[in-house]
1. Among all residue pairs at least 6 apart or on different chains, which show Cβ distances below 6 Å where the first residue, located in segment 22-38, is charged (D, E, K, R) and the second is open to solvent by 50 Å² or more (accessible area, probe 1.4 Å)?
2. Among the candidates Val163, Val141, Val153, Val170, which residue alone is touching a helix residue (DSSP H, G or I) at 6+ places or on another chain (Cβ under 8 Å) and not charged (D, E, K, R)?
3. Is it true that Ala139 is over 14 Å from the mean Cα position of the chain (by Cα) and more than 15 Å from Ser69 (Cβ to Cβ)?
4. Out of segment 25-39, which residues are more than 24 Å from Val153 (Cβ to Cβ) and assigned to a helix (DSSP H, G or I)?
5. Taking the criterion of being in a strand (DSSP E or B), in contact (Cβ under 8 Å) with a residue 40 or more places away in the chain and under 16 Å from the mean Cα position of the chain (by Cα), would at least one residue in segment 40-55 satisfy it?
6. Working only within segment 29-43, note down all residues that are hydrophobic (A, V, I, L, M, F, W, C), surrounded by fewer than 20 Cβ atoms within 10 Å (Cβ to Cβ) and under 15 Å from Ala174 (Cβ atoms).
7. Is one or more of the residues making up segment 134-154 in contact with a strand residue (DSSP E or B) (Cβ under 9 Å, 6 or more places away or on another chain) and acidic (Asp, Glu)?
Amino acid sequence: RRLPFASSLFRKSRWGSNFIKRITSLADMVLVLNSASQEFLHRATGHESLRTANFIDDAYLIHNPKTISPSIRKILFVGHVYEKKGVKEIFAAAEFFPQIIFALAGPVAPHLSTAHLPDNVKLLAEVDNKEVIGLLDSADVFLLPSYSEGFSVALLEAMARGVPVIATPVGANA
């Protein structure tokens, strides 16, 4: 049995701490995505873990370098469109840069207020992999202002397509 581990889910509660101790004692192997999670797990439980990387589909890999645009016309976010991913900060940035399109691809949280978004914010909803590749190819920058991450697949996909990335230094993003 393998147990993927996300330390941010268990840091703040006694229940979470007890749960992680119990569940890791039942696992044959615990996998983590970064050294911070590995260190936290060892401190919290005394258990060892194995660091592993996320992987992306080969279709995302480019063979010819992407030409980087000298100007920014389109910024792309791919992921769940909710507060913990930093989308309110994206909405605020869009107000300051009305000449730039801010495209957000992914399911939108039902409780997120999207009624008064700037005209340059485009909520694209969930898209399939082929559409994500096209969106990445048309983007000048990939933006991931997330408050918490493990190891973002969307970030890896953007880098594989040669898109310049701006991300918060959380989880493995750093």
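1. Close Cβ pairs (under 6 Å, with a partner that is open to solvent by 50 Å² or more (accessible area, probe 1.4 Å)) amount to Asp28/Arg1.
2. Numbers: Val141 fails: touching a helix residue (DSSP H, G or I) at 6+ places or on another chain (Cβ under 8 Å); Val153 fails: touching a helix residue (DSSP H, G or I) at 6+ places or on another chain (Cβ under 8 Å); Val170 fails: touching a helix residue (DSSP H, G or I) at 6+ places or on another chain (Cβ under 8 Å).
Matching residue, one of Val163, Val141, Val153, Val170: Val163.
3. Details: over 14 Å from the mean Cα position of the chain (by Cα): yes; more than 15 Å from Ser69 (Cβ to Cβ): no.
No.
4. Of segment 25-39, the ones more than 24 Å from Val153 (Cβ to Cβ) are 25-26, 28.
Once the filter is applied, which keeps residues that are more than 24 Å from Val153 (Cβ to Cβ) and assigned to a helix (DSSP H, G or I), segment 25-39 yields Ser25, Leu26.
5. No, segment 40-55 contains no residue that is in a strand (DSSP E or B), in contact (Cβ under 8 Å) with a residue 40 or more places away in the chain and under 16 Å from the mean Cα position of the chain (by Cα).
6. Within segment 29-43, just Ala36 meets the criteria.
7. yes
The values are calculated or read from the model by the stated rules, or taken from the named source; none is laboratory data. Remember, it's a predicted structure, so these values are computed and weren't measured experimentally. Positions of Cβ are generated from backbone atoms using ideal geometry, with glycine treated the same way; all protein chains shown enter the neighbour counts. Only protein heavy atoms, including side chains, enter the accessible area calculation; ligands, DNA and RNA are left aside. Shrake-Rupley method; radii C 1.70, N 1.55, O 1.52, S 1.80 Å.
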